[in-house]
Amino acid sequence: MRLVAGENCCLARIIGQDTLFIHFQPIMSVKKKTVFGLEALCRCVDPAGGKIPPGILFELARAEDMALVLDRLCRRKALENYSKSCLKQEDLLLFLNIDVSIIDKGVVGSGNLLNAVRLSGLNPGGIVIEIVESRVKDLAALKCFVERHKHYGFLIALDDVGSGNSNLDRIPLVKPDILKIDRSLVSEIDKKYYKQEVFRSLVNLSRKIGALVVAEGVEREEEAIMVLELGADLLQGYYFAEPRPLTGNPAEMGIEKINYLACKFKSYMAGKINTIVFQHRQYETILNEIMARISGKSFRDFDYYLQQMIADYPGLECAYVLDEYGIQVTDTHCNPFSLPEPGRAFYKPAEKGADHSFKDYYYLLVHTCLNKFTTEPYVSMASGNLCITVSSSFTDDKDDRYILCVDFKQ
């Protein structure tokens with residue numbers, strides 16, 4: 001079917017000829033192996049026979065000052081379709097998109113959505129209102145809309161979180177029940193470390209505020225596995241199912257993919273844990289060998305042993321020694337192949353006298369009973385590479401305490 005977006009797409013004619021229809025896309029809980037909810041998505045065929053993309057349809061509605069009419073029509077059709085197939089599916093949630101431009105038009109207290117839900121025989125507690133907050137200009141109206149509909153029992157989801165237009169400062173304003181992380185972050189997340197860390201940060205934020213995380217736009221198995229590993233509660237995307245009309249049992253949409261992915265994720269995590277265990281055994285072996293060389297020696301000889309150590313263990317990135325107060329007492333000895341490229345002055349190995357007392361590899365080792373501490377992966381300020389630091393205490397020939405720090409490239 002051809003796409004159209006021309007001048008002949010008169011919205012009044014589209015509405016009059018009833019060429020709007022609703023498709024539904026499942027939102028999956030892989031952990032529970034169930035369909036968590038369905039998102040209602042408006043689709044339209046122009047009377048001339050071509051498909052009108054939703055974005056163009058709503059732009060047309062705003063241009064013709066019919067955004068409110070179109071928004072309410074789409075919601076009514078979604079509720080009618082959903083109630084026919086899912087009225088008895090009490091555990092299933094319906095996700096409804098709201099054209100937030102209408103919030104700026106003073107419709108906050110109309111009660112239209114609540115009445116439409118009740119007329120459909122549905123419970124507001126089973127409806128999730130999706131909001132793209134970046135499109136709302138009147139923040140007071142947005143806050144009033146959210147608070148009113150939460151009072152009615154609706155759940156609130158912030159859509160497109162992490163996209164170029166999202167404003168994280170509005171999360172405290174909306175206090176969402178669900179964060180839907182935008183597909184721009186999810187796409188190829190298995191290959192891109194920075195996307196992974198942004199996603200992980202949003203998951204951590206959601207945990208703090210008691211919200212669930214939906215990863216949108218999942219199209220590949222590798223993306224699905226990565227967002228699960230990073231902590232996503234729910235997944236949505238073409239990998240599981242394309243949006244389509246409701247037929248059969250909605251709770252079974254994409255269920256085969258859920259079961260398959262659950263098995264793959266278990267296998268993936270088991271393999272990753274085995275790899276991590278093997279790596280940490282290697283780290284411990286190297287660390288113990290280094291400790292055997294440097295322990296009981298004069299602190300004046302530490303630089304000699306560290307330099308020798310880097311030559312003997314090419315897998316190491318950097319090594320340095322701190323005193324008991326967290327002050328660096330040696331140079332940072334680096335693998336020459338790990339040094340930053342010329343011109344990247346931002347990354348520079350720490351020098352003697354640098355204060356590491358605020359670093360977790362210092363204070364968590366010193367102020368606990370641990371013999372050894374290993375950091376989470378982070379970007380090294382010495383090289384710009386992703387690494388971990390392993391630290392351990394030892395004493396010199398005068399029984400003074402020092403801390404050996406070794407960086408391993410990831």
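At a glance:
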read-out	value
Criterion violated by M309 - all others in (1) surrounded by fewer than 16 Cβ atoms within 10 Å (Cβ to Cβ); (2) assigned to a helix (DSSP H, G or I) satisfied	(1)
Members of the stretch 357-387 found to be closer than 22 Å to E289 by Cα and without any contact (Cβ under 8 Å) to a residue 60 or more places away in the chain, listed by number	Y361, Y362, L365, V366, C369, L370, N371, F373, T375
Given (1) crowded, with 17+ Cβ neighbours inside 10 Å; (2) in contact with a Leu (Cβ under 8 Å, 6 or more places away or on another chain), number of the condition L339 does not satisfy	(2)
Condition check for K348: among the charged types (D, E, K, R), touching a Ser or Thr at 6+ places or on another chain (Cβ under 7 Å), within 28 Å of Y193 (Cα to Cα) and modelled with pLDDT under 95	no
Lone unmet requirement of (1) free of Cβ contacts under 8 Å to residues at least 60 places away in the same chain; (2) touching a Cys at 6+ places or on another chain (Cβ under 6 Å) for D331	(2)
Qualifying residue in the stretch 265-276 (condition: part of a helix (DSSP H, G or I), of a type in the set (A, V, I, L, M, F, W, C), modelled with pLDDT under 95 and under 30 Å from I225 (Cβ atoms))	yes
Some residue of the stretch 393-404 being part of a strand (DSSP E or B) and touching a His at 6+ places or on another chain (Cβ under 6 Å)	no
Single residue of the stretch 355-371 satisfying the filter (surrounded by 15 or more Cβ atoms within 10 Å (Cβ to Cβ) and either modelled with pLDDT under 95 or of a type in the set (A, V, I, L, M) (or both)) that is farthest from the chain's Cα centre (by Cα)	V366
Any strands (runs of 3 or more DSSP E) falling wholly within the stretch 150-219 and containing at least 1 residues that are touching a Lys or Arg at 6+ places or on another chain (Cβ under 9 Å) and surrounded by 20 or more Cβ atoms within 10 Å (Cβ to Cβ)	155-161, 212-215
Residue in the stretch 360-392 that is farthest from N335 (Cα to Cα), counting only those that are part of a loop (DSSP other than H, G, I, E, B) and hydroxyl-bearing (S, T, Y)	T368
Criterion violated by L92 - all others in (1) at pLDDT below 90; (2) of a type in the set (A, V, I, L, M); (3) surrounded by fewer than 22 Cβ atoms within 10 Å (Cβ to Cβ) satisfied	(1)
Residues of the stretch 245-277 that turn out to be of a type in the set (S, T, N, Q) and under 30 Å from E80 (Cβ atoms), as a count	2
Meets criteria (surrounded by fewer than 22 Cβ atoms within 10 Å (Cβ to Cβ), at pLDDT 95 or above, among the aromatic types (F, W, Y) and not in a helix (DSSP H, G or I)) for Y260	no
Only one of K398, K409 that is on the phi < 0 side of the Ramachandran plot and modelled with pLDDT under 95	K409
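The values are calculated or read from the model by the stated rules, or taken from the named source; none is laboratory data. Being a predicted model, the structure only gives us computed values, none of them experimental. As a convention, Cβ positions derive from the backbone with ideal geometry for all residues, glycine included, and neighbour counts pool all protein chains shown.
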